[in-house]
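The values are calculated or read from the model by the stated rules, or taken from the named source; none is laboratory data. Note that the structure is predicted; figures quoted are calculated from it, not measured. In this analysis, Cβ positions are derived from the backbone assuming ideal geometry, glycine residues included, and neighbour counts consider all displayed protein chains. For the accessible areas, the whole protein counts, side chains as well, though only heavy atoms, and no ligand, DNA or RNA atoms are used. Shrake-Rupley method; radii C 1.70, N 1.55, O 1.52, S 1.80 Å.
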Amino acid sequence: MKDKFSEKGKPIENISAKKRMQNDVSDTEKQNKCPECGSEELIGDYERAEVVCASCGLVIDENLVDMGPEWRAFDHEQRDKRTRVGAPITYTIHDKGLSTMIDWRNKDIYGRDIPARNRAQWYRLRKWQRKIRISGATERNLAFALSELDRDSSRLGLPRSVREAASVVYRSAVENKLIRGRSIEGVVAASLYAACRRCNVPRTLDEIAEVSRVSKKEVGRTYRFLTRELNIKLPPTSPVDYVPRFASELGLSGEVQSRAIEIIGKAMEKGLTSGRGPTGVAAAALYIASVLLGERKTQRDVADIAGVTEVTIRNRYKELTEQLEMGVTL
Ligand SMILES: [Zn+2]
């Protein structure tokens, strides 16, 4: 099997060029594909009025019937209203609003009217107090969020650059008042997920959910919300991006990795990866490569690491071996 993919270094170049091309296309044909991983396996969850990606678990469309109170409260109009009222009512106030507040009715603490000449002064005080409270709470929350972020990313073994990228996403969420009504942990997790994608060290929603103690659905939903509100555009991930990590977690050699990347490159050329979840393709390619090079892993092991089902691996494996005419006996 000598061809251009056998040459070291070449396949990755080809793949990234291809990837860029696919990204351009995917922006215009989003309807029946997961915007995150490009998978076409979408599941309608009618009870919760959602469409969920079967491959990566992302909640793609929560507008089927009813978006639920959590969502409804955060349209722009409502956000503006709340913003104008002043301090948010949720626990973004660190003391939940229990600290002394200068009364708004122009009465002193004994209920007596405040003389008109003093009112301007009271007004200023109120304004100041509100400012101090908000900034104090925001700072505390930020400190908490950043420590969560550090904890999560070290559990995921992420490099410093990804943490930085995630904290940038988180801070812009704060600045754009997107945290309200959401858990800090959830927003942190979603920021991390986005940062991993941006830095090309993708983690699955499952992995992020596991370390952050936030449900996969909440991570996915919050991620969708953040990327939409902050106008973050991330290209779908390529199966290649998952190969090194899956391989090292499976204890597979660099040779197996390269072979898996070759297989994916060929599959991309033949259009076998479009509409397929990238983790499933990566897993199947690694599985095939492990067998070809005598480092066989079970489908179960590979499936577990990749966070996909054995059925997915078998399906991808079938497509790949048939279409690429690889005589693999498994
Ligand atoms: Zn997906």
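For segment 263-330, a crude dipole built from +1 on the beta carbon of Lys and Arg and -1 on the beta carbon of Asp and Glu, taken about the Cα centre, is about 60 debye to the nearest 20.
The figure for PHE144 is an accessible area of roughly 80 square angstrom, using a 1.4 Å probe on the protein chains alone. For the set TYR170, TYR317, the ranking by accessible area, highest first and with no ligand, DNA or RNA atoms included, is TYR317, TYR170 under a 1.4 Å probe.
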